[in-house]
């Protein structure tokens, strides 16, 4: 991509987060999460270094989305620890360096705002509580996902794939050092999957660290450094993708009430 490339977005991004040079981008140690009185994650440990492209796989209910929410500080840990850029996950400075796209982000099409206004909410953060939709970073983010021509269209009038790309632009607008996405390919057509996969490759080439929840590696199969597999709330594999992984597809957690209602621009900022 040219004028709308992620590199152009970061050209006017926020001041880089200061962190020890050898600190992992993400470090989780012996983490346990309890929801509704049930242990959804137990003794999770993993580490991701700058520039890595990592997929998080597992059956429905294995704890993938819960782990992402714990990583970005939305869900508290019952025990253990999680650090971003060498800082506790609830440190606002760490959150300003993350772009997060929740699993249900495409459903934001029910909110009556334009693509431009939606992307601008991604500029909100722990230290900024207002955002201007005319900020030049907003259009650069929309250009990066190939949607500048829809900047002023309400997202209620967009397809599911277009909404997904708008929400990725919202995550990109803050020039994240770590991009975290929950099922970005779910419910979108093949051309949209290819556009998203191409964007990920460009981001990775520029050094952005990627953590992506997937059911299968699909369009990213040849572009991943590692695959982490969860089953029954535990890590059962961390390394190269293998042809056969012992995941119990029948396992599922009962429906649990959300500990946090996702809100545009605020879902990764703990109270």
Could you tell me the calculated FRET efficiency between residue 135 and residue 47, based on Cβ-Cβ distance and R0 = 35 angstrom, to the nearest 0.05?
0.55
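Sort 216, 241, 183 so the one with the fewest other Cβ atoms within 10 Å of its own Cβ comes first.
Details: 216 11, 241 15, 183 21.
Going from sparsest to densest Cβ surroundings: 216, 241, 183.
Computed from the coordinates by the stated procedures, all read-outs in this text should not be read as laboratory data. Computed from a prediction, not measured in an experiment: that's the story for all the values here. As a convention, Cβ positions derive from the backbone with ideal geometry for all residues, glycine included, and neighbour counts pool all protein chains shown.
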